[in-house]
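Here is the structure we will look at.
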Amino acid sequence: MGELEDAVMTRVWKWNRPVTVREVLEDLQQERSIAYTTVMTVLDNLHQKGWVRREAEGRAYRYEAVSTRAAYAAALMNEAWSQSDNPAAALVAFFGMMSEEQRTALRDAVRIAQGPEQTEQGDTRPDTAPENPGSAPEVDGR
């Protein structure tokens, strides 16, 4: 996603409701000079890429996000990870770049993804992984 597409999608995700080109335009114009037709083209492109759906309202459309920003970020991470010739090494390197806050968020996410049945089985819990994310692909983000 390009910079302008991201700026438009940021508003669509933030407002979390169907939006018009005019609404996005007016908000973007607080930061930059931009034409109505440019915003319309960007939203049309996002529609063609499958990031927004649209519904006709009179002579205009209302656009709504198809998925969340979190889902978009996850898709980007998955795409980058799947292109690695050594996924485990890529994860170790990625974990090494994370802040303590990000590692905590990662641990929380792993716990949620594993579900309650796996967190009760002792060594499979994410909080039993090494504290140093560079030492193993499994990370304890606390």
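The values are calculated or read from the model by the stated rules, or taken from the named source; none is laboratory data. Worth saying up front: this structure is predicted, and the values here are computed from it rather than measured. Quick reminder, even Gly has a Cβ in these numbers, built from the backbone with ideal geometry, and neighbours come from all protein chains shown. Areas reflect the complete protein model, heavy atoms only, side chains present, ligands, DNA and RNA absent. Shrake-Rupley method; radii C 1.70, N 1.55, O 1.52, S 1.80 Å.
Summary table below
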| quantity | calculated |
| --- | --- |
| Test result for residue 22, among the basic types (Lys, Arg), surrounded by fewer than 14 Cβ atoms within 10 Å (Cβ to Cβ) and either at pLDDT below 95 or part of a helix (DSSP H, G or I) (or both) | yes |
| Pick from segment 1-19, criterion over 22 Å from residue 58 (Cα atoms) and not in a helix (DSSP H, G or I), ranking: most open to solvent (accessible area, probe 1.4 Å) | 1 |
| Cβ-Cβ under 6 Å pairs, at least 6 apart or on other chains, segment 92-109 side touching a residue at least 12 places away in the same chain (Cβ under 8 Å), far side part of a helix (DSSP H, G or I) and surrounded by 13 or more Cβ atoms within 10 Å (Cβ to Cβ) | 107/126 |
| Whichever residue in segment 56-112 is among the charged types (D, E, K, R) and outside any helix (DSSP H, G or I) and, among such residues, is most open to solvent (accessible area, probe 1.4 Å) | 59 |
